[in-house]
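Each reported figure results from applying straightforward, stated rules to the coordinates on display, with no laboratory input. Computed from a predicted structure; not experimentally measured. Counting neighbours? That spans all protein chains shown, and the Cβs are built from the backbone with ideal geometry, glycine included.
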Amino acid sequence: MKFNESKLLLMMSGIFTGIVITSFLVKSTPTKTIFLTYKDYQKLKHENFTLNREVAALSKNLVELQVKYNQYTTSEKRTKTILESLKKEYEEAKMLSGMEQVKGPGIEVKVDDARRSTYLNDFELWNSIVHDFDLRQLIVDLKNANAEAIEVNGYRVVANTSITCEGPIIMINGNYITPPFTIKAIGDKDALYYAMYNPDSWYKTMELRGLKLNLIKQDEITIKGVNEDIEPKYLKIKR
């Protein structure tokens, strides 16, 4: 008896499918259905509500912490900026008050007595000597030309600097200085040079008296800080 080939294949396919379905039914376990009582449902509902409330509280705390962190960061940056600004102002104040050694472009003025061998009279002798007021007037002219720092024979000129005459000797803040005198000034070197050389300057007056003068522009001059503490005796802050 001959089998039709197509029927044989169909029969074998059916047998294989039956085996697979049977195996699946044997190995598979049905999903267990859970039935909640009303009491269990209310309990789970309460727990879910509690969890949601805790999550909301944590979220609120997180937002508050973020705000505090941002405020702290901003405050820290502001404090740092203020401190840097105060430090810069303090350094500038020290420079301008004469407490620090400074450098910059400017001029150097050298002044000396005429040193003649003979004089016709006392007036001619008086005119041939560098006096304390000569140095003071030169300093005034330099300040009027916006000199930012001035030094005379190594002594820094500040707000309370005094230049006086003690007989044949000139004193600056109680320190004796003798000719030749060297005055250094930092600022716009062209403006300072003109302040000395213009026809109405005291430098020109001293030149007419026959004093030995020399004026030099320099790209960089170093000027020392004050040699002593500056402590006002009478000056007080008005509050």
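Estimated at 0.36 nm per residue, the fully extended path between D219 and M171 surpasses their Cα-Cα distance by 14.3 nm.
For region 61-88 and region 168-239, what is the separation of their Cα centres, given in Å? So the two Cα centres are separated by 47 Å.
Taking Lys and Arg as +1 and Asp and Glu as -1, the other residues whose beta-carbon sits under 15 Å from that of S128 total -2. Highest mean packing comes first when the peptides 51-60, 132-141, 154-163, 184-193 are listed by Cβ atoms within 10 Å, giving 184-193, 132-141, 154-163, 51-60. Karplus-based coupling profile of region 102-118, in residue order and whole Hz: 10, 8, x, x, x, 9, 10, 10, 10, 10, 9, 5, 5, 6, 7, 7, 9, with θ = phi - 60° in 6.51 cos²θ - 1.76 cosθ + 1.60 and x standing for Gly or Pro.
Considering only alpha-carbon pairs that sit under 8 angstrom and 6 or more positions apart, the relative contact order computed for region 102-223 is 47 percent. Summarised in one figure, the compactness ratio Rg/Rh of region 95-161, Cα atoms and Kirkwood Rh, is 1.08. Arranged from fewest to most other beta-carbon atoms within 10 Å of their beta carbon, W202, W126 become W126, W202. Gyration tensor analysis over the Cα atoms of region 102-223 returns equivalent ellipsoid semi-axes of 24, 17, 12 Å (largest first, whole Å).
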